[in-house]
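Q: Here it is, the structure in full.
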Amino acid sequence: RETNPEKTIKQLKSLLPMASKDSTLTNNVYSNIGSIFESMKNPDSSYFYNQLSLKYNPKENLPNKFVALYNLGQNLRDLGRYPEYLKMNLEAFEISKILNFQIYDTYIRIALAEVEQLMGNFKNAESYLTYLDKSLLNPEQTKQYANIKYLIAKEKRDFKEALVNLEIFKTYSDSLNNVAKTKAIGEVKAKYDIDLKEEQVKVLEENNTLKK
């Protein structure tokens, strides 16, 4: 069956009473709710729950704090609050240096490059990309990376470099759109199959009733 985000959120909230004495569990519950709202394209609600995730995170749990800050940054980007997005990313960047996790460093560098580019600071954006490990980027981030590189090259009037990155951006955009379409078609088909089976069961039950 299709996943029901509202139902999942309700189930997660039901865990909060038992999580009241466990700040790490509370943090994770709020973080998961924030992620669901983000997937529902609801940055306001996602931001609210990600704030709670950060609030209830134990101070010594730096990995969870990094995730909360990173997620809040993504919300602020979607809300167009770029100076706050930059501030959140810089705080997360300092944590990534302490943790020395390559994946955290990569994720926060692409986020910092994005916000600097959005604010028109192309040199700063380029500096964050310099030491970024591209092999750790997921498809969405690879598309993001290519777009930032394209805009930087365009600003520098390096049209050859701009064209190369524009082609990469388009390739990943098309690929991600096809994945999204395939997923949507699969969900519609699954719902149709379920409805069809339920209708068949209903007809059989009615026939049995008539025979009696």
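Q: With viscosity set to 1.567 mPa s at 4 °C, what whole-number translational diffusion coefficient in µm²/s follows for the stretch 9-139 from Stokes-Einstein and a Kirkwood radius over Cα pairs?
A: 85 µm²/s
Q: What are the principal axis extents of the Cα atoms in the stretch 105-171, in Å, biggest first?
A: 29, 26, 17
Q: Okay, moving on. Could you please state, rounded to a whole Å, how far the C-alpha centre of the stretch 63-114 is from the C-alpha centre of the stretch 122-159?
A: Going from one Cα centre to the other spans 16 Å.
Each reported figure results from applying straightforward, stated rules to the coordinates on display, with no laboratory input. From a predicted model like this one, the values you see are computed outputs, not experimental measurements.
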